[in-house]
Amino acid sequence: MRNQGAFKLLLLIFLTVIITAHAAAGGGQYQGSAVTTSGKKSFSILNTSYLQGPLPPDVDVNNNKWADIFKKELPDIDINWIIVHPDQLLQRQNIMIGSGDFPDVMPMTMAQMIQWADMGIVQHVDGIYQRSYRNIYNFLTEDDLKLTKYNGHQYGISVPGNRLSNPGMMYLRKDWLDNLGLSMPRNLDELYDVLHAFTFKDPDGNGQHDTYGLAGTINFNQLWAIFHSFGVQHGANFSWVGNQLVPDFIRPEMRDAIIYLTRLYRDGIIDKDTLVMNTNQLEDKVVRGIVGMVGATASGISSRTLPNMQRANPNARIEYFLPFPAPDGNIYLPTGRNGTRMYGVSVKCTQVDAVMQFFNWMIEQDTSTLPFFNLNADKIYNGTLGIDSAPLGTKWVVEMPQNQLTPQATIDLYRFCYRTHSGTMQAVGDDLLFEITQTRIDLGLIDSIFLTAQQYTSKYGKPNGVAVMGPVYAEYMNDILTYWEETIASIISGSRPITAFDDFVRFFYANGGQRVIDEVTVMNR
Ligand SMILES: [Ca+2]
């Protein structure tokens, strides 16, 4: 955009101030890779934690029973873990890039890979990847590898993940429908009527006006099925329109979706906290029976939210909500792609072989039972040490069954477990994943709605049309998306008219939009 240079300069000044203050307070925080005096190869790794809240103050991430497992299994390698909450990851990375003080290994997105490669922050791992990362290299297809390559070089270290491992879904309160004598809506007009009744007809029968039809997270995210009923997706999703890949946020179908949501908001049917709520806060409202329709991940809803909801109200039932057919007649569900999670190795890292050795060990092929990949931390979860890490996604484990987890119990019983930032524990084909899910259902670990979400997503899932992106996308899309989020939130919440959507489309084309379209169209044809 026109004033981008000035913005970047301001950002740099801002970061310099932070870093100077930080340096004065004790200097750099990341130890670089090295061969230590004891002859061990050492490197630092930035990773995220999914604990619902801050790290307990007395946790030493580098000195606990899980750190001991690494010391035993990888005796020649000394790993320095730096753990942040996912919400803080981007901020931490920006500070780190501004200061030039970054860890040896860090999670990155595809856009970051492009930027960081161009800025000389990450190094490629050509050759070493094929040589030392056999556990996963043999499994990846050329298409998978494309996602972690840029300018012909392998910059990303892939971690396993199946796109169906934890699909997003929406559901309705079935018991509220029954209480009100309503049936599942068959089109958007009927959905409006149902959500209206969920708000104004006392669906929980407590005589109080204390429910909402619909709620989402910050800036109206997680309302997937509504957007998909219009054939679009909120966020950086691209679709083929004629012979071009076009972002959904400039399509007329998106305008229609916004008009629909604006009406729901204006009529008091969408919880106004949607503007500011994060996933945990939304989940809390769902458990307390305040919201009648909501989007959630299959894992969150089936292993945590639903059991907690039914503890609070034994009559609570939910029903999976499949989007209505889009204007083109197809049913769409959101889905990602396999193999998009990755790590980068900083140019300062001198122990790349040790890094690859670590990842190769961490992601180990399980030849004992099934042809799938395990993270070693998941093996711990799966029973070797009799503990369960799944509810917290990564690293945090407690020695208690999943369905007894509460935030307080987690903190009381926490142990520190390490897992690379991966959405799943398996990288397998869809059919095998269904089998594994069925086993988990039979064991009582998750509700059967998880399998429904996987099967529907497998059948109707529509991945983002953009699989590979280039420098133009990396340069322009952050600013465009920031403005998009502002625009959609302000229109739906009524502070700006729908013509703000048309203004946004003009802004998009005036700020590199056509160049982005041209680039992704050529790259993903
Ligand atoms: Ca009520």
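The values are calculated or read from the model by the stated rules, or taken from the named source; none is laboratory data. Just so you know, these numbers come straight off a predicted model, no measurement behind them. Neighbour counts run over all protein chains shown; Cβ positions are idealised from the backbone, glycine included.
Remarks
- Scoring residue 201 on the criteria (1) under 19 Å from residue 343 (Cβ atoms); (2) out of contact with any Ser or Thr (no Cβ under 6 Å at 6 or more places or on another chain) leaves a single failure, condition (1).
- Region 181-200: number of residues that are surrounded by fewer than 17 Cβ atoms within 10 Å (Cβ to Cβ) and either within 11 Å of the ligand (Cβ to nearest atom) or in a helix (DSSP H, G or I) (or both): 6
- Taken as a whole, the structure leaves residue 137 outside the set of residues that are within 16 Å of the ligand (Cβ to nearest atom) and touching a helix residue (DSSP H, G or I) at 6+ places or on another chain (Cβ under 8 Å).
- Top-ranked residue in region 201-246 [being more than 17 Å from residue 270 (Cβ to Cβ) and within 16 Å of the ligand (Cβ to nearest atom); ranked as surrounded by the most Cβ atoms within 10 Å (Cβ to Cβ)]: 204
- Among the candidates 235, 231, 205, residue that is within 26 Å of residue 509 (Cβ to Cβ), at pLDDT 95 or above and assigned to a loop (DSSP other than H, G, I, E, B): 231
- Selected residue (criterion: nearest to the chain's Cα centre (by Cα)) from residues of region 134-156 that are assigned to a strand (DSSP E or B) and over 14 Å from residue 523 (Cα atoms): 154
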